[in-house]
Amino acid sequence: MKVLKFGGSSVASAESFAKVVEIITEAVAKDVCIVVLSAVQGTTDALIDVGRDAEKGNGAFREKIKIIENKHFEIVRELIPISLHSSILSFLKKRLNELESFCEGVFMLRELTTRTLDRIVSFGEILSSNILAAKLNSFQIENVWKDTRELVRTDSKFGFAAVDFQATNLQIKSYFDSTASKLFVLPGFIASDASGATTTLGRGGSDYTASIVAAAVNAEILEIWTDVSGMMTADPRLVQTSRNIKHISYQEAMELSHFGAKVIYPPTIQPVMNKRIPVWIKNTFAPEDFGTLIEAETTLEKEAIRGISSISKISVLSLEGSGMVGIPGFSKRLFDALSRAHINVVLITQSSSEHSICVAVEEEYSKIAKEIVDAEFVYEISVGKIEPLKIENDLSILAVVGENMKNHPGISGKMFGTLGHNGINIHAIAQGSSERNISAIISSKDVKKAINTLHEEFFSGGTKQVNIFLVGIGTVGSKLIEQIRQQREYLRQNLRLNLRVVGVANSRQMIFDEEGIKLENLPALLSAAPPMNLAEFTDLILQTNLRNSIFVDATANRKVADIYPKLLAKSVSVIACNKIACSAAYEDYLRLKDLAREFNTAFLFETNVGAGLPIINTLNDLLRSGDKINRIEAVLSGTLNFVFNHYDGSGTFASIVRKAQAEGFTEPDPRLDLSGTDVARKILILAREAGYELEMEDVENTPFLPASCFEGSVEDFYTEMERHETHFRQMLEKAQRENLALKYIAGFESGKPSVGLQQIASDNNFANLSGKDNAVLYYTNRYPEQPLVVKGAGAGADVTAAGVFADIIRAARV
Ligand code: ADP
Ligand code: ASP
Ligand code: MG
């Protein structure tokens, strides 16, 4: 004997009914089958709605009953040959008239008891199961319809009745022992109490009906037919990459469903587990898929965890007070009070100091819970032994489930580490002593992000999604986009990183696409996009709350640098090629580094010095391995290099600077380069990274340009340089006379940073630096005489973008 249960989604339309009939036909050819059916999808909700309208005195309930009627009639008309319509349609009509009479009663009395509501919702399963029986009859498939209310006996807790297994098992056994048929059709969900009043088994309860029947008749198997191909590693509506679980133990299935995997109603497992009857979850719409087999033993698959689930609309109640410490009986009184009010406790944690007990309940019960708990402890509250019950709303429970967790230490570390990296705050934690699940209470707004990151972390083969927000699409920003496009597939395959660019803005426009922007169309998309508003852009990053978010600043704008703290404090990584933040007040620089540490995220700025050259990373590696930086010498300005390499007297100094600007080697404002400010910022950043607390004013800067060049606009700057051509010519000739070359050099020694133009001899370390090359010489304890040298192209959009890209990958892999 076999029990098959079909859910509401399997009987949502005539088409689905037809699929169900196919499955039944095949099954009944091999075995005696008991079919348990849910209401047509959406009907139970609609019936509750009808009841509530009637209670409120809203006549709309009549129209809503009509809609229910139409839906069922339509299914019948499509499903069953016309010659057989009249008997089933008149049956349905009679039931719907009954329903309407009940509702008229409610309407008149303006009162809807849970008892009446159960009677009202019972029509859903009665209608659907009779349609199925009629369809089977039309195919001459012999079957017997049986009212489950005559089989399943419960107490009188309407809406959520508890089964009286002794009476139920007897009724079921004697019925099936005494009735001969190859096929039975039963409505799920409904039952009756000792007085014969209709009760229901809780929402989703048809699964439970099927399990109760399967256990009572000792079925060989219980099949749950639904709209997914089995239990999945996470709710497929939340996690696109969730996978099917082929085998799972009763306990694991129970925990997953208890914590929100709706595919099976939690109480379902118990009756069949006691009898060791396997449960097979199958997809009505893809019967060839294996589905999920739930059994006592499962082979240990390699993953430490089996699935992740969540329950939303949770409130946490905290009972706190010093008066509880060491005195037994408080928790008993708390739980007794909740149980008297029929409030189901989903999760419990107690601090070991016994100073507080936290329980999670469904949000709808939080108000009543507060009333009854405060009433229970009214005396203790009045004398200050404990505080009135505290309530936090808008929470969810997140649970990681797996039998195999016992054998894998570090699962909770990994779980909380991953959540931490993503700025997800944990309100409470519980781990069952079975070590089969770890659950955490988090804000509901974080659920999607949390489940997805954990899923990527725990299921091998999973690819980590990285979400990038880029501000600044000048030369560097556009190159970066190009490089991301090129490398995306490689990163997916080799590093299992799925890079998506979700937000892009320049100074004029901004675009945002939560599903990832189509980068091929970026210019077109951007030109049609709404105007840029930095505050809005920042809010969007925080509101979309995507996992592994990385903000990239490819501007030279102070306002953009100002938003870093806000982002870091929400665990959004910040990658800056903008130098402003790191060269601002030391206190601000330190704060950003501290924020990144505190919120477990990355603040990286390798391109602040020497574009893509590994200058800062090398320095960090030296320090981390215990070395000490004693002296730095560096050529850090591609611009000034270019200018002095090209200035040979054949053209004016100003014309060479113009050329450098035209070729994109200068900062947007070339005065930042020529004044030495840009180089000063770079050596300051290096000195700070080397562990020195220094300000911009501490950098000794000997200018080589006459002061008048820095007055007025950029154009004035060029005019003024032309006017001072002799000054530059003299500098050049003086160097040439001594057979020396001009180099703009940054230094750091004895804790003092400096920048300035120097004359160097042909054997100097920097003598052969050509073009826009940069070079940094680190003199350290380990490299005292021969410095460690980092050298190469230190400017240009391509290499800078590559440096930013490398920082992105570094941040993504934190
Ligand atoms: P039925 O109508 O057959 O009773 P339900 O809607 O009650 O079906 O349950 C099936 C749904 O459960 C699926 O469509 C899926 O969206 C949801 N679900 C939630 N968590 C999981 C999970 N871990 N695995 C599979 N399905 C899940
Ligand atoms: N029809 C009921 C509900 O929607 C029972 C079920 O479908 O399992 O909750
Ligand atoms: Mg269900």
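The values are calculated or read from the model by the stated rules, or taken from the named source; none is laboratory data. All values derive from a computational prediction rather than experimental measurement. Backbone-built Cβ (ideal geometry, glycine too); neighbour counts: all protein chains shown. With ligands, DNA and RNA removed, areas are computed over all heavy atoms of the protein, side chains included. Shrake-Rupley method; radii C 1.70, N 1.55, O 1.52, S 1.80 Å.
Among the strands (runs of 3 or more DSSP E) contained in region 452-537, which hold 1 or more residues that are in contact (Cβ under 8 Å) with a residue 60 or more places away in the chain and closer than 28 Å to Gly794 by Cα?
Numbers: elements: 464-471, 497-505, 510-512.
Ranges flagged: 464-471, 497-505.
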Boolean, Thr168 is among the β-branched types (Val, Ile, Thr), touching a helix residue (DSSP H, G or I) at 6+ places or on another chain (Cβ under 9 Å) and within 13 Å of ligand 2 (Cβ to nearest atom): no
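Give Ile48, Ile23 a once-over and let me know the one that is hydrophobic (A, V, I, L, M, F, W, C), in a helix (DSSP H, G or I), open to solvent by 10 Å² or more (accessible area, probe 1.4 Å) and within 27 Å of Gly230 (Cα to Cα). Working first, answer last.
Working: Ile48 fails: within 27 Å of Gly230 (Cα to Cα).
Exactly one residue qualifies, and that residue is Ile23.
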- request: Please report, ordered by residue number, the strands (runs of 3 or more DSSP E) entirely within region 716-800 with at least 2 residues that are among the β-branched types (Val, Ile, Thr) and open to solvent by less than 30 Å² (accessible area, probe 1.4 Å).
  value: 752-760, 773-780
- prompt: Among all residue pairs at least 6 apart or on different chains, which show Cβ distances below 9 Å where the first residue, located in region 715-729, is closer than 14 Å to Leu674 by Cβ and the second is open to solvent by 70 Å² or more (accessible area, probe 1.4 Å) and outside any helix (DSSP H, G or I)?
  reply: Phe717/Glu711; Glu720/Glu711
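Just need a number here: residues in region 403-416 that are free of Cβ contacts under 8 Å to residues at least 60 places away in the same chain, part of a helix (DSSP H, G or I) and open to solvent by 10 Å² or more (accessible area, probe 1.4 Å). Steps first, answer last, please.
The first filter runs over region 403-416 and keeps only residues free of Cβ contacts under 8 Å to residues at least 60 places away in the same chain, leaving 406, 409-410, 412-416.
Those left that are additionally part of a helix (DSSP H, G or I): 406, 412-416.
With the extra rule that they be open to solvent by 10 Å² or more (accessible area, probe 1.4 Å), the set shrinks to 406, 412-414, 416.
Adding up the residues that qualify gives 5.
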message: Can you find a residue that is hydrophobic (A, V, I, L, M, F, W, C), surrounded by fewer than 20 Cβ atoms within 10 Å (Cβ to Cβ) and closer than 28 Å to Leu419 by Cα anywhere in region 516-532?
response: no
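Restricting to region 232-265, give me the number of residues that are more than 16 Å from ligand 3 (Cβ to nearest atom) and hydrophobic (A, V, I, L, M, F, W, C). I'd like the intermediate steps shown before the answer.
Start the filter on region 232-265 by keeping residues that are more than 16 Å from ligand 3 (Cβ to nearest atom), which leaves 233-234, 238-252, 255.
So of that shortlist, the ones also hydrophobic (A, V, I, L, M, F, W, C) come out as 234, 238-239, 245, 248.
Residues in region 232-265 being more than 16 Å from ligand 3 (Cβ to nearest atom) and hydrophobic (A, V, I, L, M, F, W, C): 5 in total.
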- request: Report yes if some residue within region 618-638 is within 30 Å of Lys449 (Cα to Cα), among the basic types (Lys, Arg) and open to solvent by 30 Å² or more (accessible area, probe 1.4 Å); otherwise report no.
  value: no
field: In region 476-509, the residues that are among the hydroxyl-bearing types (Ser, Thr, Tyr) and either touching a strand residue (DSSP E or B) at 6+ places or on another chain (Cβ under 8 Å) or under 18 Å from Ala806 (Cβ atoms) (or both)
entry: Ser478, Tyr490
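Given the options Leu694, Leu705, name the one that is farther than 18 Å from Leu640 by Cβ, surrounded by 17 or more Cβ atoms within 10 Å (Cβ to Cβ) and in contact with a helix residue (DSSP H, G or I) (Cβ under 8 Å, 6 or more places away or on another chain).
Leu694
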field: Criterion violated by Ala806 - all others in (1) among the small types (Gly, Ala, Ser); (2) farther than 29 Å from Ser625 by Cα; (3) under 52 Å from the mean Cα position of the chain (by Cα) satisfied
entry: (2)
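With respect to Glu515, is the statement that it is of a type in the set (Asp, Glu) and modelled with pLDDT of 95 or more true? Walk me through how you get there before you give the answer.
Numbers: of a type in the set (Asp, Glu): yes; modelled with pLDDT of 95 or more: no.
No: the conditions fail for Glu515.
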query: Does region 254-266 contain any residue that is within 26 Å of Lys19 (Cβ to Cβ), aliphatic (A, V, I, L, M) and more than 12 Å from ligand 1 (Cβ to nearest atom)?
result: no
statement: Reported set for region 26-45 where residues are in contact (Cβ under 8 Å) with a residue 60 or more places away in the chain, within 13 Å of ligand 1 (Cβ to nearest atom) and in a helix (DSSP H, G or I) is Thr43, Thr44
Residues of region 238-270 classified as within 16 Å of ligand 2 (Cβ to nearest atom), assigned to a helix (DSSP H, G or I) and open to solvent by less than 10 Å² (accessible area, probe 1.4 Å), total: 3
